[in-house]
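Written out below as structure tokens is the structure these notes cover.
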Amino acid sequence: MGIKSYCFKKSLWLYHFAGASCNNCDIEVLDCLTPRYDVERFGMLLIGSVRHADVLLVAGSINKKCKSRLLEVYHQAPKPLVVVAIGACGITGGVFAEGNTFAGPVDKIIPVDVYIPGCPPKPEAILAGIVNFLNKS
Amino acid sequence: MAGHIFYFLIFPGLLFAGVGGGLLSWFDRKITARVQFRVGPPLLQPFYDFVKLMAKETIIPSNAAKTVFLLAPILAVAGACLSSVFILLPGFGISSGFRGDLVVVFYLLMVPSLAYIIGALASGNPIANLGASREMKLIIGYELSLLLVLAAIILKAGNTISLNEIIAVQQQQGAFIGSISGMLLFIVSMMCVQAKLAFVPFDIADAETEIAGGIFLEFSGFTLAMVKLAKYIMLLVLPSFVVVILLGGFRFEGIHILWSVLKLLGVVLLITLVRNTNPRLTIGQSMRFFFIWMNLFAIIAIVLAYFGY
Ligand code: SF4
């Protein structure tokens, strides 16, 4: 494993994109930063600008309004970029899948690397998903 | 000539200050984590961050002024390195043979902030411009206080503007912080350092929750790595500056090595604790804080110093 990819794995900066979610998934993402779970011990930080991002966390369903914004955010981020779809809504549409504003699960719009199911997934599940992905790649 | 390049690139300059500042930045993050009952990042975290950013794609916004945008972070690193050379050479007791360094250091310490402002204005992003204007106002706020502190130091050291002589005076008569005026000056200079480092009560220009990173918003990859490097270096340089002008400088023989390191860590610890126990001020509040209170403190300290307290 090269030093570049090693450092990349050791220092993931997270950018949080909240789609048309019910907001529970967003709260669970924030839980990961609390003293109980403390993602900073793996070098992860939540950052405010997508230009600094290594991981794009997409929570919630994507409707017609936020589809173009998601695409724009994805193109603005510097590559390499890991895209994580969080929650049933991001993966399949969940309870919103039948809605007439629904614009498709996340992986129809941008390529997704990690799927974390749950409604909402527990913080442990989010951490486990990302750690599993890092161990595999 | 070769000696000067060595000073700039290796010993008190780029390499030394980068590595030392990186370790201090880990110290700062670790203490922050402990204050919040967390575990905190591993020791090498600043280096992982730096290498990762160097390897990432660098995006230049389409309406940015390309050359200025790319050169501004390099200017920041160069300014930070130069100030580290000018402060740490006398700090380590190596004479540079230059007698006016206090004034030069005052200007050099401003270069990184100015470079961030130039970079942010060149990025063509309205929010980054907002951050740049906030940073400018903050500079107007704290520079006068810092200048008054330096004036008081010059008065206390017997009208000399050479850092070497300031350290020599302190090592003969005890550090300046031992007097009443010295304590006031210490408070004022710590606040100026806090503002120069853009740490929490004064992180107005890069407030992440309000303006999404502010002046650093458009930097990515290589440019962001340079910004980080400049910040690491400043985290070493500014506390060393406080140690040099008020706490008696560093000494490198026997037990004094331990004291020198402890002084530096103590100052960084104080900065970190202030950072973790205060909310962010608005720009108006921080201007008022510096213009009224800090300037008042510094002027009182000058008067006290004049009468020998
Ligand atoms: S997956 Fe469930 S918790 Fe998450 S946004 Fe959708 S409905 Fe809400």
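Here are the numbers:
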quantity	calculated
Residue under evaluation residue B:60, criteria (1) touching a Lys or Arg at 6+ places or on another chain (Cβ under 7 Å); (2) in contact (Cβ under 8 Å) with a residue 40 or more places away in the chain, criterion not met	(2)
Counted residues, the stretch A:85-112 - those being open to solvent by less than 20 Å² (accessible area, probe 1.4 Å), more than 13 Å from the ligand (Cβ to nearest atom) and aliphatic (A, V, I, L, M)	1
Qualifying helices (runs of 4 or more DSSP H) (wholly inside the stretch B:199-305; at least 3 residues being in contact (Cβ under 8 Å) with a residue 60 or more places away in the chain)	B:221-246, B:256-276, B:283-288
Filter pass, residue A:134 being modelled with pLDDT under 85, more than 12 Å from the ligand (Cβ to nearest atom), in a helix (DSSP H, G or I) and out of contact with any Ser or Thr (no Cβ under 8 Å at 6 or more places or on another chain)	yes
Any hit, the stretch B:89-112, residues being under 24 Å from residue A:79 (Cα atoms) and of a type outside the set (A, V, I, L, M, F, W, C)	no
Pairs, first more than 21 Å from residue A:71 (Cα to Cα) in the stretch A:16-28, second part of a loop (DSSP other than H, G, I, E, B) and within 8 Å of the ligand (Cβ to nearest atom), C-beta under 6 Å, six or more apart	A:24/A:120; A:28/A:120
Which numbered condition residue B:80 misses (of (1) in contact with a Ser or Thr (Cβ under 9 Å, 6 or more places away or on another chain); (2) buried (at least 23 other Cβ atoms within 10 Å of the Cβ); (3) small (Gly, Ala, Ser))	(1)
Flag for residue A:37 being assigned to a loop (DSSP other than H, G, I, E, B) and either farther than 18 Å from residue A:70 by Cα or out of contact with any strand residue (DSSP E or B) (no Cβ under 9 Å at 6 or more places or on another chain) (or both)	yes
Search result, residues across the stretch A:1-33 that are closer than 21 Å to residue A:87 by Cα, assigned to a loop (DSSP other than H, G, I, E, B) and open to solvent by less than 50 Å² (accessible area, probe 1.4 Å)	A:12, A:19, A:21, A:32
Residue among A:54, A:38 that is more than 16 Å from the ligand (Cβ to nearest atom), without any contact (Cβ under 8 Å) to a residue 12 or more places away in the chain and open to solvent by less than 20 Å² (accessible area, probe 1.4 Å)	A:38
Number of the condition not met by residue B:218 [criteria: (1) open to solvent by 10 Å² or more (accessible area, probe 1.4 Å); (2) modelled with pLDDT under 75; (3) at the interface with chain A (Cβ under 10 Å from one of its Cβ atoms)]	(2)
Within the stretch B:1-54, tally of residues that are within 9 Å of another protein chain (Cβ to nearest Cβ), in a helix (DSSP H, G or I) and without any contact (Cβ under 8 Å) to a residue 24 or more places away in the chain	6
Hey, residue B:152 open to solvent by less than 30 Å² (accessible area, probe 1.4 Å), without any contact (Cβ under 8 Å) to a residue 40 or more places away in the chain and out of contact with any strand residue (DSSP E or B) (no Cβ under 9 Å at 6 or more places or on another chain) or not	no
Residue check for residue B:74: open to solvent by 40 Å² or more (accessible area, probe 1.4 Å), away from chain A (no Cβ under 14 Å) and modelled with pLDDT of 90 or more	yes
Conditions (1) crowded, with 16+ Cβ neighbours inside 10 Å; (2) more than 16 Å from the ligand (Cβ to nearest atom): number failed by residue A:129	(2)
Single unsatisfied condition, residue A:76 versus (1) open to solvent by 20 Å² or more (accessible area, probe 1.4 Å); (2) within 16 Å of the ligand (Cβ to nearest atom)	(2)
In the stretch A:20-35, the residues that are closer than 12 Å to residue A:60 by Cα and more than 8 Å from the ligand (Cβ to nearest atom)	A:20, A:27, A:29
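Rundown of residues vs (1) within 12 Å of another protein chain (Cβ to nearest Cβ); (2) among the aromatic types (Phe, Trp, Tyr); (3) under 16 Å from residue B:54 (Cα atoms), yes/no style:
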site: A:12; (1), (2), (3): yes, no, yes
site: A:27; (1), (2), (3): no, no, no
site: A:40; (1), (2), (3): yes, no, no
site: A:80; (1), (2), (3): yes, no, yes
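The values are calculated or read from the model by the stated rules, or taken from the named source; none is laboratory data. Fair warning: this is a prediction, and the values are worked out from it, not measured in the lab. Positions of Cβ are generated from backbone atoms using ideal geometry, with glycine treated the same way; all protein chains shown enter the neighbour counts. Accessible surface is based on the protein model in full, side chains and every heavy atom, while ligands, DNA and RNA are left aside. Shrake-Rupley method; radii C 1.70, N 1.55, O 1.52, S 1.80 Å.
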